[in-house]
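Data block below; observations after.
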Amino acid sequence: MKKLLTSLAALLLAISLTACSITGAAPAVVTVGEAQTANVTTVTTGGTSAAAPAISASAALAENGTINEAATDYVIDEAAVVAIRLNGDSITASGAGVTVDGSRATITAPGTYRLSGTLADGQIVVDTAAQGVVQVILDGVDIHNSTSAAIYVADAEKVVILLADGSQNALSDGAAYVFADPAEDEPNAALFSTSDLTLAGAGALTVTGNYADGITSKDGLIIAGGSLTVTAADDGLRGKDYLVVEAGTLTVNAQGDGLKADNAEDATLGYIAIQSGTLTVTAGGDALDAATDVVITDGTLNLTAGGGSQGQIAADASAKGIKGTASVTIDGGTFLIDTADDALHSNGRLTINGGTFTIAAGDDGAHADAALTITGGDLTITRSYEGIESAVITLNGGTVRITASDDGLNVAGGVDGSGAQPRGMGGGAAAQDAFSYTGAYYLYVNGGYTVVTAGGDGVDVNGAVIMTDGVIIVNGPTEQMNGALDFDGGFNISGGFVAAAGSAGMAQAPGAASSQASVLIYFTATQPAGTLVEIANSAGQVVLSFTPTKDFQSLAFSSAELTAGASYTVYLGGTPADAGTDGLHATGTAPTGAEYTSFTLSGTSTTVGTGGMGGGGPRRP
């Protein structure tokens, strides 16, 4: 499979459009060139240097083919426009390039054609073998075809549908098609094209696909403007080679997938790119589904799949929010995602460089088989079975808040046990998610701010943890067979901050090979949620003031404030110095609770009390 852990720094060429279009300003053009340099970042199998596999949206786009778009696509020569008038059950045309047969009009030559009026049961066909762009202006049309597509592009180099300023337009088909050849199954959408198709303008278009899809292109599909409302019995919008949204407002209600690019035969095609616009997608299947990549640079996306995080779907169904089989790369945008399956998903690489996310998922909040990297953004996962999952997770920046009924951060491969519960019954997939990965399993924490509230392990790593910076706060679990920190291959910390409160049966803390000191404290009894725990140094100044939000009997703590050989005192109860954020309160003041115990850091890893297996010990099944 292409593009897994390789980060490419590539040139994204932006071509400014200066000519006038029907909207008064041409949409942006994306022209993707070849990668100029290859900056390969290797995931190491040892040592303390943390790898940071990351890729930008421009580099991700550079791995894909160029879209078919030019500035002239949006320029209208009014003197050359051919008018086509729809008269209910008949059609009239004012110029050459159009043939009319009752309620069917066929555009036979490149040029610009303006449609207006109503067609009760008819069809507009574009069928020209000549090279050149066909522009179709929809200027107040309502076209219905009871047995086929309302607009059918049978042959053309490229078709651009322009929605006239302020116009209201509608296309619809019937629930049953009649094909000239019974062996054929196309067209299969209310708006269907065998060629590259673009929609733009400042008008509105409502598409109702009663038979199957709403809008389909067997080549590439570009949405460059307009207000589109699409309802479909199957997929909402489908561009085989690519589906690019540059601008506009798009509302999709599809029983299948919402937006889909399905060319799985060419690794440079089959991608979805969202550059801007407002998308509201409600899908029975995946909201966004790309055979290769999903690349998002900006936009507002409100995505619901499979009935939402409490929905129930079949064992073999997919109801993900954003799915890119090879990769998902997000540089920015605002996301509200509610899915029965994973909210963000890739069978390869998932990279989040920015954006604001509010996620509720019946399975994983974010999942990548091979590598998942967060360099920025603000992610709030309000509901999930497992919060963030991949074979290699790298946290370089951003703010992440996770609520998970099982593991918060899960570094795993092979067979994912999130299939333990039926979907919609408290989260989890109906069948186990099998994903293969042949490398080593790592959690790299180089920065960022991560807060986990977990029913299972807070941080579960079937490998090693290497932490150089950043913040990790864990609340939970309360069950003894899980731990706030759970790792197999050691936890080496050289910088950053960790406060992880949970049960005592499986508790772990960073190991003795670390250069930054850590302590694992076992309490003789379970402390109720909301109990303030403070650690003060020998000068009586608090170095940790933390109020866990769940019951806890252990606390793992690591900070630059801890010094090997120094003595500390643990306090319980009392009143924190301030309201705090995520349970952390201001330090440097005197403790206010009751003294619980004292300890001296004997090295970089110290255990206080008894229980579980001690910091850095082997993981119990």
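Determine whether region 215-224 contains at least one residue that is among the hydrophobic types (A, V, I, L, M, F, W, C), closer than 26 Å to Asp316 by Cβ, crowded, with 24+ Cβ neighbours inside 10 Å and without any contact (Cβ under 8 Å) to a residue 60 or more places away in the chain. Spell out the reasoning first.
Here is the first cut: in region 215-224, the residues among the hydrophobic types (A, V, I, L, M, F, W, C) are 215, 221-224.
So of that shortlist, the ones also closer than 26 Å to Asp316 by Cβ come out as none.
There is no residue in region 215-224 that is among the hydrophobic types (A, V, I, L, M, F, W, C), closer than 26 Å to Asp316 by Cβ, crowded, with 24+ Cβ neighbours inside 10 Å and without any contact (Cβ under 8 Å) to a residue 60 or more places away in the chain.
Of all residues in region 253-266, those being part of a loop (DSSP other than H, G, I, E, B) and surrounded by fewer than 23 Cβ atoms within 10 Å (Cβ to Cβ) number 7.
Screening the candidates Leu250, Leu269, Leu279, Leu228 for the property of being closer than 23 Å to Ile161 by Cα and in a loop (DSSP other than H, G, I, E, B) yields one hit, Leu269. Kindly indicate whether any position in region 204-212 is surrounded by fewer than 24 Cβ atoms within 10 Å (Cβ to Cβ), in a strand (DSSP E or B) and free of Cβ contacts under 8 Å to residues at least 40 places away in the same chain. Checked region 204-212: at least one residue is surrounded by fewer than 24 Cβ atoms within 10 Å (Cβ to Cβ), in a strand (DSSP E or B) and free of Cβ contacts under 8 Å to residues at least 40 places away in the same chain.
Is it the case that some residue within region 122-131 is part of a strand (DSSP E or B), among the charged types (D, E, K, R) and out of contact with any Cys (no Cβ under 6 Å at 6 or more places or on another chain)? The answer is yes, given that some residue of region 122-131 is part of a strand (DSSP E or B), among the charged types (D, E, K, R) and out of contact with any Cys (no Cβ under 6 Å at 6 or more places or on another chain).
Here is the figure for region 461-489: residues that are surrounded by 24 or more Cβ atoms within 10 Å (Cβ to Cβ) and under 17 Å from Ala371 (Cβ atoms) total 3. Against the list (1) assigned to a strand (DSSP E or B); (2) more than 13 Å from the chain's Cα centre (by Cα), the condition Ser318 fails is (1).
Yes or no: Ser116 free of Cβ contacts under 8 Å to residues at least 24 places away in the same chain and either out of contact with any Cys (no Cβ under 6 Å at 6 or more places or on another chain) or of a type outside the set (Asp, Glu) (or both)? It is false that Ser116 is free of Cβ contacts under 8 Å to residues at least 24 places away in the same chain and either out of contact with any Cys (no Cβ under 6 Å at 6 or more places or on another chain) or of a type outside the set (Asp, Glu) (or both). When Ser515 is tested against (1) of a type outside the set (A, V, I, L, M, F, W, C); (2) closer than 23 Å to Gly603 by Cβ; (3) in contact with a strand residue (DSSP E or B) (Cβ under 7 Å, 6 or more places away or on another chain), exactly one condition is not met: (3).
Entry remark, region 519-540: residues being of a type in the set (D, E, K, R) and either touching a Cys at 6+ places or on another chain (Cβ under 8 Å) or farther than 14 Å from Tyr571 by Cβ (or both) number 0 in total. Strands (runs of 3 or more DSSP E) fully within region 505-621 that include at least 2 residues being surrounded by fewer than 20 Cβ atoms within 10 Å (Cβ to Cβ) and more than 36 Å from the chain's Cα centre (by Cα): 518-527, 567-572, 594-600. For region 305-355, filtering for residues that are farther than 20 Å from Leu61 by Cβ, buried (at least 24 other Cβ atoms within 10 Å of the Cβ) and of a type in the set (Val, Ile, Thr) leaves 2.
FYI, it's all coordinate maths here, none of it is from the lab. Just so you know, these numbers come straight off a predicted model, no measurement behind them. Ideal geometry is used to build each Cβ from the backbone, glycine not excepted, and the neighbour counts take in all protein chains shown.
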